[in-house]
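Presented below is the structure to which this report refers.
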Amino acid sequence: MESGNPRLSPRARRELAVQRAVALALAPISNFVVTGLLRGWLRLRVEGAEAARRTYRALLAESDAPLLICANHLTLIDSALIAWALGSPGWYLRHFSALPWNVPEQTNFASTRTQRVLAYVLKCVPVTRGGDRADIAQTLSRITHLLGSGEVGLIFPEGGRTRTGRVEVDQAAYGVGRIVKEVPRCRVLCCYLRGDLQTGYSDLPARGDRLRVALAPLEPKTDLRGLRGSRDIARQITSKLAEMEATHFARAEGVHR
(Lines give C-alpha, C1' and ligand atoms only; values in the text may rest on other atoms or scores of the structure.)
Protein backbone atom coordinates (compact mmCIF):
# COMPACT_ATOMS: atom_id res chain seq x y z
CA MET A 1 0.00 0.00 0.00
CA GLU A 2 1.47 3.31 -1.03
CA SER A 3 1.63 6.22 1.34
CA GLY A 4 -0.33 9.29 0.33
CA ASN A 5 1.95 11.69 2.20
CA PRO A 6 4.07 13.74 -0.22
CA ARG A 7 5.76 15.82 2.47
CA LEU A 8 8.00 13.09 3.78
CA SER A 9 11.34 13.14 1.98
CA PRO A 10 12.78 10.04 0.30
CA ARG A 11 15.55 10.09 2.88
CA ALA A 12 13.09 10.03 5.77
CA ARG A 13 11.23 7.14 4.14
CA ARG A 14 14.47 5.19 3.79
CA GLU A 15 15.30 5.88 7.42
CA LEU A 16 11.96 4.45 8.52
CA ALA A 17 12.43 1.40 6.30
CA VAL A 18 15.85 0.75 7.84
CA GLN A 19 14.47 1.22 11.36
CA ARG A 20 11.70 -1.27 10.66
CA ALA A 21 14.20 -3.80 9.30
CA VAL A 22 16.41 -3.46 12.38
CA ALA A 23 13.43 -3.71 14.72
CA LEU A 24 12.22 -6.84 12.92
CA ALA A 25 15.66 -8.45 13.06
CA LEU A 26 15.87 -7.89 16.82
CA ALA A 27 12.21 -8.66 17.54
CA PRO A 28 12.88 -12.31 18.58
CA ILE A 29 14.82 -10.82 21.50
CA SER A 30 13.11 -7.51 22.21
CA ASN A 31 9.52 -8.82 22.10
CA PHE A 32 10.17 -11.57 24.62
CA VAL A 33 12.35 -9.39 26.88
CA VAL A 34 9.67 -6.71 27.15
CA THR A 35 6.95 -9.25 27.83
CA GLY A 36 9.18 -10.99 30.36
CA LEU A 37 9.70 -7.74 32.25
CA LEU A 38 5.99 -6.98 32.32
CA ARG A 39 4.96 -10.47 33.36
CA GLY A 40 7.97 -11.51 35.46
CA TRP A 41 9.46 -8.37 36.99
CA LEU A 42 6.30 -6.25 37.38
CA ARG A 43 4.10 -9.36 37.80
CA LEU A 44 1.30 -7.78 35.77
CA ARG A 45 -1.63 -9.58 34.19
CA VAL A 46 -4.23 -8.35 31.72
CA GLU A 47 -7.85 -9.29 32.22
CA GLY A 48 -9.69 -9.42 28.91
CA ALA A 49 -6.54 -9.92 26.87
CA GLU A 50 -7.86 -12.97 25.00
CA ALA A 51 -11.00 -11.13 23.88
CA ALA A 52 -8.99 -8.02 23.00
CA ARG A 53 -6.56 -10.06 20.91
CA ARG A 54 -9.40 -11.72 19.02
CA THR A 55 -10.97 -8.34 18.33
CA TYR A 56 -7.66 -6.87 17.19
CA ARG A 57 -6.92 -9.76 14.85
CA ALA A 58 -10.42 -9.65 13.38
CA LEU A 59 -10.12 -5.91 12.79
CA LEU A 60 -6.84 -6.35 10.95
CA ALA A 61 -8.20 -9.26 8.91
CA GLU A 62 -11.41 -7.59 7.78
CA SER A 63 -9.72 -4.74 5.92
CA ASP A 64 -6.33 -3.50 4.74
CA ALA A 65 -7.32 0.09 5.54
CA PRO A 66 -4.83 1.92 7.81
CA LEU A 67 -5.37 1.52 11.54
CA LEU A 68 -4.52 3.99 14.30
CA ILE A 69 -4.89 2.94 17.94
CA CYS A 70 -5.85 5.79 20.27
CA ALA A 71 -5.55 5.17 24.00
CA ASN A 72 -5.74 6.76 27.42
CA HIS A 73 -2.39 7.51 29.03
CA LEU A 74 -1.48 6.91 32.68
CA THR A 75 2.05 5.44 32.83
CA LEU A 76 5.34 5.76 30.99
CA ILE A 77 5.05 2.22 29.62
CA ASP A 78 1.47 2.32 28.32
CA SER A 79 2.66 1.63 24.76
CA ALA A 80 4.26 -1.64 25.86
CA LEU A 81 1.23 -2.57 27.97
CA ILE A 82 -1.17 -2.00 25.09
CA ALA A 83 0.97 -3.97 22.65
CA TRP A 84 1.12 -6.84 25.17
CA ALA A 85 -2.65 -6.72 25.66
CA LEU A 86 -3.28 -6.93 21.91
CA GLY A 87 -0.83 -9.66 20.90
CA SER A 88 1.68 -12.23 22.09
CA PRO A 89 5.42 -11.94 21.32
CA GLY A 90 5.27 -14.92 18.97
CA TRP A 91 2.25 -13.57 17.09
CA TYR A 92 3.97 -10.25 16.53
CA LEU A 93 6.93 -12.06 14.98
CA ARG A 94 4.55 -13.47 12.36
CA HIS A 95 2.57 -10.21 12.02
CA PHE A 96 5.20 -7.56 12.62
CA SER A 97 3.20 -4.75 11.02
CA ALA A 98 0.58 -5.27 13.74
CA LEU A 99 3.07 -4.31 16.45
CA PRO A 100 2.22 -0.61 16.77
CA TRP A 101 4.60 2.24 16.14
CA ASN A 102 4.30 4.76 18.94
CA VAL A 103 5.21 8.38 19.59
CA PRO A 104 6.91 8.69 23.00
CA GLU A 105 8.03 11.96 24.52
CA GLN A 106 11.64 12.71 23.63
CA THR A 107 12.74 13.73 27.14
CA ASN A 108 11.23 10.62 28.72
CA PHE A 109 12.39 7.98 26.26
CA ALA A 110 15.10 9.35 23.98
CA SER A 111 17.24 11.74 25.99
CA THR A 112 20.23 9.37 26.34
CA ARG A 113 22.02 7.19 23.82
CA THR A 114 20.75 3.99 25.45
CA GLN A 115 17.18 5.27 25.42
CA ARG A 116 17.48 6.30 21.78
CA VAL A 117 18.70 2.83 20.84
CA LEU A 118 15.84 1.17 22.71
CA ALA A 119 13.30 3.55 21.19
CA TYR A 120 14.68 2.77 17.73
CA VAL A 121 14.43 -0.98 18.23
CA LEU A 122 10.94 -0.80 19.75
CA LYS A 123 9.34 1.00 16.79
CA CYS A 124 9.26 4.48 18.31
CA VAL A 125 9.20 7.86 16.60
CA PRO A 126 9.97 10.26 19.51
CA VAL A 127 8.50 13.75 19.63
CA THR A 128 9.23 16.77 21.82
CA ARG A 129 5.87 17.96 23.05
CA GLY A 130 5.67 21.71 22.90
CA GLY A 131 8.77 21.74 20.73
CA ASP A 132 9.45 23.25 17.34
CA ARG A 133 6.39 23.06 15.11
CA ALA A 134 8.42 21.91 12.12
CA ASP A 135 9.86 19.00 14.13
CA ILE A 136 6.42 18.01 15.40
CA ALA A 137 5.02 18.20 11.87
CA GLN A 138 7.84 15.94 10.67
CA THR A 139 7.03 13.37 13.34
CA LEU A 140 3.35 13.42 12.40
CA SER A 141 4.31 13.01 8.75
CA ARG A 142 6.37 9.95 9.62
CA ILE A 143 3.43 8.35 11.42
CA THR A 144 1.16 9.25 8.52
CA HIS A 145 3.59 7.60 6.10
CA LEU A 146 3.82 4.46 8.24
CA LEU A 147 0.05 4.11 8.44
CA GLY A 148 -0.21 4.52 4.69
CA SER A 149 2.43 1.83 4.28
CA GLY A 150 0.43 -0.80 6.14
CA GLU A 151 1.86 -0.34 9.63
CA VAL A 152 -0.29 0.13 12.74
CA GLY A 153 0.19 3.28 14.79
CA LEU A 154 -0.46 4.06 18.46
CA ILE A 155 -0.98 7.57 19.78
CA PHE A 156 -2.28 9.15 22.97
CA PRO A 157 -4.75 11.82 21.84
CA GLU A 158 -4.42 13.81 25.07
CA GLY A 159 -0.80 14.45 24.17
CA GLY A 160 0.64 13.19 27.45
CA ARG A 161 -0.15 11.48 30.74
CA THR A 162 -3.28 12.88 32.34
CA ARG A 163 -2.54 14.60 35.65
CA THR A 164 -6.04 14.00 36.98
CA GLY A 165 -5.95 10.26 36.44
CA ARG A 166 -8.98 10.54 34.15
CA VAL A 167 -9.42 11.17 30.44
CA GLU A 168 -9.50 14.92 29.84
CA VAL A 169 -11.66 15.50 26.77
CA ASP A 170 -10.71 19.17 26.47
CA GLN A 171 -7.01 18.27 26.32
CA ALA A 172 -7.36 16.59 22.95
CA ALA A 173 -4.29 17.43 20.85
CA TYR A 174 -4.87 18.34 17.21
CA GLY A 175 -2.13 15.98 15.99
CA VAL A 176 -4.23 12.83 16.15
CA GLY A 177 -6.99 14.54 14.20
CA ARG A 178 -4.54 15.67 11.57
CA ILE A 179 -3.26 12.12 11.12
CA VAL A 180 -6.77 10.70 10.73
CA LYS A 181 -7.67 13.41 8.20
CA GLU A 182 -4.53 12.95 6.11
CA VAL A 183 -4.52 9.16 5.89
CA PRO A 184 -7.12 7.92 3.38
CA ARG A 185 -9.58 5.37 4.84
CA CYS A 186 -7.93 5.62 8.25
CA ARG A 187 -9.67 3.58 10.93
CA VAL A 188 -9.44 4.36 14.65
CA LEU A 189 -9.39 1.76 17.41
CA CYS A 190 -9.97 3.28 20.84
CA CYS A 191 -8.23 1.37 23.63
CA TYR A 192 -8.86 1.92 27.32
CA LEU A 193 -6.43 0.20 29.67
CA ARG A 194 -6.14 0.68 33.42
CA GLY A 195 -4.88 -1.22 36.43
CA ASP A 196 -7.10 -1.89 39.44
CA LEU A 197 -4.55 -0.09 41.63
CA GLN A 198 -4.04 2.84 39.23
CA THR A 199 -5.60 5.86 40.97
CA GLY A 200 -3.64 8.55 39.11
CA TYR A 201 -0.72 8.93 36.75
CA SER A 202 2.60 7.25 37.55
CA ASP A 203 5.84 6.17 35.93
CA LEU A 204 4.97 2.47 36.23
CA PRO A 205 1.91 0.42 37.14
CA ALA A 206 1.81 -0.99 40.67
CA ARG A 207 3.69 -4.26 40.87
CA GLY A 208 1.33 -7.22 40.78
CA ASP A 209 -1.55 -5.13 39.45
CA ARG A 210 -4.36 -6.52 37.32
CA LEU A 211 -4.93 -4.51 34.16
CA ARG A 212 -8.27 -4.36 32.39
CA VAL A 213 -8.50 -3.59 28.67
CA ALA A 214 -11.41 -2.59 26.45
CA LEU A 215 -11.54 -1.83 22.72
CA ALA A 216 -13.99 0.16 20.61
CA PRO A 217 -13.69 0.89 16.86
CA LEU A 218 -14.54 4.47 15.92
CA GLU A 219 -15.08 6.29 12.63
CA PRO A 220 -14.59 9.97 13.44
CA LYS A 221 -15.84 12.35 10.77
CA THR A 222 -16.01 16.12 10.43
CA ASP A 223 -17.18 18.74 7.97
CA LEU A 224 -14.75 21.27 9.39
CA ARG A 225 -11.51 22.10 7.64
CA GLY A 226 -7.97 22.80 8.73
CA LEU A 227 -7.08 22.99 12.39
CA ARG A 228 -10.74 23.14 13.47
CA GLY A 229 -11.39 19.85 11.70
CA SER A 230 -8.35 18.20 13.30
CA ARG A 231 -9.44 19.33 16.74
CA ASP A 232 -12.99 18.14 16.12
CA ILE A 233 -11.77 14.64 15.26
CA ALA A 234 -9.41 14.60 18.23
CA ARG A 235 -12.24 15.58 20.56
CA GLN A 236 -14.46 12.83 19.17
CA ILE A 237 -11.74 10.32 20.02
CA THR A 238 -11.13 11.59 23.56
CA SER A 239 -14.90 11.71 24.13
CA LYS A 240 -15.12 8.03 23.19
CA LEU A 241 -12.27 7.21 25.57
CA ALA A 242 -14.09 9.12 28.32
CA GLU A 243 -17.20 7.01 27.67
CA MET A 244 -15.11 3.85 27.92
CA GLU A 245 -13.62 5.13 31.16
CA ALA A 246 -17.08 5.71 32.61
CA THR A 247 -18.02 2.13 31.68
CA HIS A 248 -14.80 0.85 33.27
CA PHE A 249 -15.56 2.49 36.62
CA ALA A 250 -19.24 1.55 36.50
CA ARG A 251 -18.29 -2.10 36.09
CA ALA A 252 -15.67 -1.87 38.83
CA GLU A 253 -18.21 -0.36 41.20
CA GLY A 254 -20.69 -3.11 40.36
CA VAL A 255 -18.11 -5.80 41.10
CA HIS A 256 -17.24 -4.28 44.49
CA ARG A 257 -20.85 -4.12 45.65
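The values are calculated or read from the model by the stated rules, or taken from the named source; none is laboratory data. This one's a predicted model, so the numbers in the text were calculated from it and none came from an experiment. Here Cβ is always computed from backbone atoms with ideal geometry, including for glycine, and neighbour counts include all displayed protein chains. Please note that ligands, DNA and RNA were not included when accessible areas were found on the heavy atoms of the full protein model with its side chains. Shrake-Rupley method; radii C 1.70, N 1.55, O 1.52, S 1.80 Å.
Quick check on packing: order 55-64, 219-228, 154-163 by the mean number of other C-beta atoms within 10 Å, highest mean leading.
Going by the mean number of other Cβ atoms within 10 Å, highest first, we get 154-163, 55-64, 219-228.
For the chain, what does the accessible surface come to per residue with a 1.4 Å probe? Please give it in Å².
Spelled out: the 1.4 Å probe surface of the chain, per residue, equals 50 Å².
Given contacts defined as C-alpha pairs under 8 Å and at least six residues apart, what's the relative contact order of segment 132-257, whole-number percent?
27 percent
Need the full-extension length gain, Ala58 to Arg39, defined as separation in residues times 0.36 nm minus the C-alpha distance. One decimal, nm.
Taking Ala58 through Arg39 to full extension adds about 4.3 nm, to one decimal.
So how much slack lies between Glu253 and Thr112, counting 0.36 nm per residue of separation and subtracting their Cα-Cα distance, in nm?
46.5 nm
Toward the positive end of the charge dipole of the chain, about the Cα centre and with charges on Cβ (Lys, Arg +1; Asp, Glu -1), which of Leu81, Leu197, Tyr92 goes farthest?
The residue sitting most towards the positive pole is Tyr92.
What is the chain's relative contact order, in percent, from Cα pairs under 8 angstrom and six or more apart in sequence?
Result for the chain is 27 percent.
Going out from 0 in 10 Å bins, what whole percent of all Cα-Cα distances in the chain drops into each bin?
Result, from short to long distances: 7, 32, 40, 19, 3, 0 percent.
Taking a ≥ b ≥ c as the square roots of the Cα gyration tensor eigenvalues, with a/c under 1.5 meaning rounded and otherwise prolate when a/b beats b/c, else oblate, which class fits segment 98-241?
Oblate shape, in that a/c is at least 1.5 and b/c is the bigger or equal ratio.
Going 7 Å from the Cα of Phe32 along its beta-carbon direction, which residues of segment 61-95 have the amide nitrogen within less than 13 Å of the resulting point?
Flagged as within label range: 89-91, 93.
Would you work out what percent of the accessible area of segment 1-156, with all protein chains in place, is carbon or sulfur (probe 1.4 Å)?
58 percent
Taking R0 as 25 Å, what's the FRET efficiency between Ala21 and Leu197 from their Cβ-Cβ distance, rounded to 0.05?
Calculated value: 0.05.
Assign unit charges at the C-beta atoms only (+1 for Lys and Arg, -1 for Asp and Glu), then state the dipole size of segment 7-64 relative to its Cα centre in Debye, rounded to the nearest 20.
My answer is approximately 220 debye.
Share of antiparallel DSSP beta bridges in the chain, in percent to the nearest 5?
35 percent
What does the charge dipole of the chain about its Cα centre add up to, to the nearest 20 debye, if the Cβ of each Lys and Arg holds +1 and the Cβ of each Asp and Glu holds -1?
Charge dipole, the chain, about its Cα centre: 320 debye, nearest 20.
Just subtract the alpha-carbon distance of Arg13 and Thr164 from 0.36 nm times their residue separation and send over the number in nm, one decimal.
Between Arg13 and Thr164, full extension yields an extra 50.6 nm.
If I compute solvent accessible area with a 1.4 Å probe over the protein chains, what percent of it on segment 168-257 is carbon and sulfur?
The value for segment 168-257 is 48 percent carbon and sulfur by accessible area.
Roughly speaking, what is the centre-to-centre gap between segment 1-70 and segment 210-229 when only Cα atoms are used, to the nearest Å?
19 Å
Once segment 1-97 is represented by equal point scatterers at the alpha-carbon sites, with solvent omitted, what log10 I(q)/I(0) does the Debye formula produce at q = 0.12, 0.24 Å⁻¹?
-0.50, -1.40
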